[in-house]
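Single-structure report; data block below.
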Amino acid sequence: MAYLSMGEAHRRITEYLNRFSDVVLNQDGSSLKQLLSVSSNSPLLLSLADALNLFHDYNRLLKQSDRFSQISEIVSPLFRSIQNFRLGNLLDSYNAFEKAANAFLQEFRNWESAWALEALYVIAYEIRVLAERADRELASVGKTPEKLKGAGSFLMKVFGVLAGKGPKRVGALYVTCQLFKVYFKLGTVHLCRSVIRSIETARIFDFEEFPVRDKVTYMYYTGRLEVFNENFPAADQKLSYALTHCNPHREANIRMILKYLIPVKLSVGVLPKNWLLEKYNLIEITYSNVVQALKRGDLRLLRHALQDHEDRFLRSGVYLVLEKLELQVYQRLVKKIYIIQKQKDPSKAHQIKLEVIVKALKWLEMDMDVDEVECIMSILIYKNLMKGYFAHKSKVVVLSKQDPFPKLNGKPVNS
Amino acid sequence: MTGERAQRERLRDLAVFERLNGNPGKTSPTLAVKKFCRTIATKHTQASDVRPLPVLEETLNYLLNLLDSMEHPFEVVHDFIFDRTRSIRQDLSMQNIINDQTIHMYEEMVKFHIISHHKLLTCSNRPNFSSVHYLNMEQLKKCLTSLYALYEENRDSNSIYENEPEFRSFHVLLHLGSNSQPLGESLSLWLSHVPSAILKSEEMFFARRLLRFFRMGNYKRFLCTTATEASCLQFYIIEPYINEVRALALSCVNSCGYIHHPYPIAHLSKLLMMKELDVEPFCNACGLKISTDEQGNKFLATKQKIFHYSKDVFPSYCLLGLEHFER
């Protein structure tokens, strides 16, 4: 590391202060945001941090000139935050940043136009990220992590500032998405409800006015909530929106959307095309067995796939969706038997002995007696996955000659 | 409690269990139990008003022993214990006590609510039944939620409590039925936070399988698995859904069975896990008629046009194999 002189440190700090002050005076939002991204470890901020750690008396510099009086409330704690971040004191860094953020929000309120919106986005992002790191530090020393919760409260304040009639309101969706990330991380997703209600019912907001990037993120999170709540048609609609409008170069984001969209689509009988699974190969490893099971009518494969990835599926909330696929797999199995019988003797194909199904299941290592098979057959018919009837005395299921296996057509299986 | 005791004696606000020699205006320190107070303001509460843990434990034991009392109708016993245990929980939460004894107490109170849930079913002909039943269910859910929070907060490293798997399984079983969010939070979300060791327990495995069978409509497996694997408390929670599942089975047999192969009652009884005697009244209650052949064998003719089911109407027919749970 190069030797840093006091004079050089002094110079860097003054230069930053001048730049900050100019940028605010000229209402230059995109330059301002670069001065605020504490966690980014940009060359500018790294070199500033080193200067601050050497020249501790920077507050004196702030008081020296009238030029800096407007920004000192923001910059003083911001300096402390940057300084501490460099030293790895994440709790102190967060606490200082929170002060700076609050001071920034106060000024932001007074600026009439929306020139500083991008800078505000950076503040919103940074407060969340710094809070997460502060909480990690707290947890590592056995204390209760509570900073992310605090960041959430700050973000609600920001939302309140943006929820007005002026041009600043287009920023509300970005802040909403930061809030979603906070609530999902904390596991307090029920808190999402009130922001969602504000976005979707308040007359000041027109969803179409928001930037596409924010709309995609919003639909992704609200889609995930619908998955948790088992509202699959709504989940399908939202996650599909996110997929269609997502920047195709953002592969990581597409993978995240597909992680939830695929199980939802499977539950309404839509199988993803192979190329889709191959392109985003993370998905392939977890879902390809499920898809195979559906295509082959292989119950054993489905059960194993669910077992092997149980933890992952449970954590992401898609386990119960995937469990529901069982009936479709049974349908597929019976259909395969039907097709095989049709090849041997088309006139008798529509009559399937229950014993044959028992044997097929045994071959798949599933132990089921005739009574249970009869039960499954009757449920398939009852829920319109099969057309026909079962004859109890002759232990046979008789399929309708026309369209015996109706498709789901995008609707979930009848409950 | 002295101030409260004197006031309640004056107002003759004493439950049957609290009366000295049956006198509605006289009680004693050993008989009187602190009532639940809805409008308690913590700033007006003094330390002396709140009972310490050992007293609460003793009180709870006393109350739960009353459950076996034959002297009074069950609803009276239930009402008393319902209110007084709620007061115990109030005192516990005001002191914010989180330890093994509290966990044990909450487990006992959950058990009380589950047993009530079962016993109150036999009181269905009394007025107020459905509101008493509903309120009991509400407190059961509140108790469970508090208990789960206690498990989490009192946990050290990765240990689990001995009863935790069974008590967690109750939450899953409460999701049987079409009410998708009985506890105000999605089941998926709840499951995503449950520790791995609990998820892999037998009790949770049972509950999740049962839920899967229910949602799929696999009535055969649902009834068999319940009969062979449910613990007593699990059974009491599942109980209200058993007739619903049986009705589904009947509906399936009726609408999907071959019209020329009427379904023998003997077989239906095995399918529904019901005594043969009970099958005919059950079918009739669903609007289905039973026919008899020349040899005297009874059958259910399929494709009958009328079928209806309402879960409020039915008595509980016992589940074959679990008669010992029906007290």
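The values are calculated or read from the model by the stated rules, or taken from the named source; none is laboratory data. Since the structure is predicted, the reported quantities are computational estimates derived from the model, not experimental observations. Here the Cβ positions follow ideal geometry from the backbone for every residue, glycine too, while neighbour counts run over all protein chains shown. The accessibility values were calculated without ligands, DNA or RNA, using every heavy atom of the protein model including side chains. Shrake-Rupley method; radii C 1.70, N 1.55, O 1.52, S 1.80 Å.
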Note to self: If a residue must be within 21 Å of the chain's Cα centre (by Cα) and open to solvent by 60 Å² or more (accessible area, probe 1.4 Å), how many such residues does region A:137-150 contain?
What the structure shows: 1
Next item on the list: Quick one: in region B:156-173, of everything that is outside any helix (DSSP H, G or I) and either open to solvent by less than 10 Å² (accessible area, probe 1.4 Å) or within 14 Å of chain A (Cβ to nearest Cβ) (or both), which residue is modelled with the highest pLDDT?
Entry: B:156
Notebook entry, point to check: What are the residues in region A:300-323 that are among the hydrophobic types (A, V, I, L, M, F, W, C), more than 7 Å from chain B (Cβ to nearest Cβ) and over 18 Å from residue A:256 (Cβ atoms), if any?
Noted result: A:301, A:302, A:305, A:306
Margin query: When the residues of region A:208-236 are narrowed to those that are in a helix (DSSP H, G or I) and without any contact (Cβ under 8 Å) to a residue 12 or more places away in the chain, which ends up nearest to the other protein chains (Cβ to nearest Cβ)?
Written below: A:234
Checklist line | Sole residue being more than 22 Å from residue A:3 (Cα to Cα) and either among the hydrophobic types (A, V, I, L, M, F, W, C) or touching a strand residue (DSSP E or B) at 6+ places or on another chain (Cβ under 8 Å) (or both), chosen from A:85, A:79, A:108, A:55 | finding: A:108
Next item on the list: Return yes when residue B:232 is of a type in the set (A, V, I, L, M, F, W, C), open to solvent by 20 Å² or more (accessible area, probe 1.4 Å) and away from chain A (no Cβ under 11 Å) and no when it is not.
Entry: yes
Notebook entry, point to check: What are the residues in region A:159-176 that are hydrophobic (A, V, I, L, M, F, W, C) and part of a helix (DSSP H, G or I), if any?
Noted result: A:159, A:161, A:162, A:170, A:172, A:173, A:175
Margin query: Just to verify a result, which residue in region B:81-119, among those that are open to solvent by less than 10 Å² (accessible area, probe 1.4 Å) and aliphatic (A, V, I, L, M), is nearest to residue B:37 (Cα to Cα)?
Written below: B:88
Margin query: Condition (residue is of a type in the set (Gly, Ala, Ser), outside any helix (DSSP H, G or I), under 25 Å from residue B:318 (Cβ atoms) and within 12 Å of another protein chain (Cβ to nearest Cβ)) applied to region B:206-223: is it met by at least one residue?
Written below: yes
Margin query: All but one of (1) surrounded by 14 or more Cβ atoms within 10 Å (Cβ to Cβ); (2) within 37 Å of the chain's Cα centre (by Cα); (3) part of a helix (DSSP H, G or I) hold for residue A:17; state the number of the condition that does not hold.
Written below: (2)
Next item on the list: Would you check if there is a residue in region B:252-275 being more than 14 Å from chain A (Cβ to nearest Cβ), open to solvent by 40 Å² or more (accessible area, probe 1.4 Å) and farther than 28 Å from residue B:168 by Cα?
Entry: yes
Margin query: Please verify whether residue B:239 is more than 14 Å from the chain's Cα centre (by Cα), crowded, with 20+ Cβ neighbours inside 10 Å and charged (D, E, K, R), treating the condition exactly as stated.
Written below: no
Next item on the list: Would you please list the contacts, defined by Cβ atoms under 6 Å and residues six or more apart or on different chains, that run from a residue in region B:177-190 that is facing chain A (nearest Cβ under 8 Å) to a residue that is modelled with pLDDT of 60 or more?
Entry: B:186/A:228; B:186/A:229; B:187/B:175; B:188/A:228; B:188/A:317; B:188/A:320; B:189/A:228
Next item on the list: Test residue A:403 against the criterion of being out of contact with any Leu (no Cβ under 9 Å at 6 or more places or on another chain) and either more than 22 Å from residue B:216 (Cβ to Cβ) or hydrophobic (A, V, I, L, M, F, W, C) (or both), and give yes or no.
Entry: yes
Item checked: Hey, residue B:294 open to solvent by 50 Å² or more (accessible area, probe 1.4 Å), part of a loop (DSSP other than H, G, I, E, B) and among the acidic types (Asp, Glu) or not -> yes
Margin query: Looking for something under 30 Å from residue A:326 (Cα atoms), open to solvent by 10 Å² or more (accessible area, probe 1.4 Å), of a type in the set (D, E, K, R) and free of Cβ contacts under 8 Å to residues at least 12 places away in the same chain - is there at least one such residue anywhere in region A:238-245?
Written below: no
Notebook entry, point to check: Give me the pairs: first residue in region A:286-308 and under 15 Å from residue A:333 (Cβ atoms), second residue assigned to a loop (DSSP other than H, G, I, E, B), beta-carbon distance under 6 Å, and six or more apart or on different chains, which are they?
Noted result: A:299/A:364; A:299/A:366; A:300/A:364; A:300/A:365
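Taking only region B:191-205 into account, find how many residues are open to solvent by less than 30 Å² (accessible area, probe 1.4 Å), more than 10 Å from chain A (Cβ to nearest Cβ) and either among the aliphatic types (A, V, I, L, M) or in a helix (DSSP H, G or I) (or both).
Within region B:191-205, residues that are open to solvent by less than 30 Å² (accessible area, probe 1.4 Å), more than 10 Å from chain A (Cβ to nearest Cβ) and either among the aliphatic types (A, V, I, L, M) or in a helix (DSSP H, G or I) (or both) number 2.
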Next item on the list: State the number of residues belonging to region A:23-57 that are over 38 Å from the mean Cα position of the chain (by Cα) and either closer than 13 Å to residue A:71 by Cβ or part of a loop (DSSP other than H, G, I, E, B) (or both).
Entry: 3
Checklist line | Matching option when the condition is under 25 Å from residue A:152 (Cβ atoms), open to solvent by 10 Å² or more (accessible area, probe 1.4 Å) and either among the aliphatic types (A, V, I, L, M) or without any contact (Cβ under 8 Å) to a residue 24 or more places away in the chain (or both), among A:92, A:57, A:66 | finding: A:92
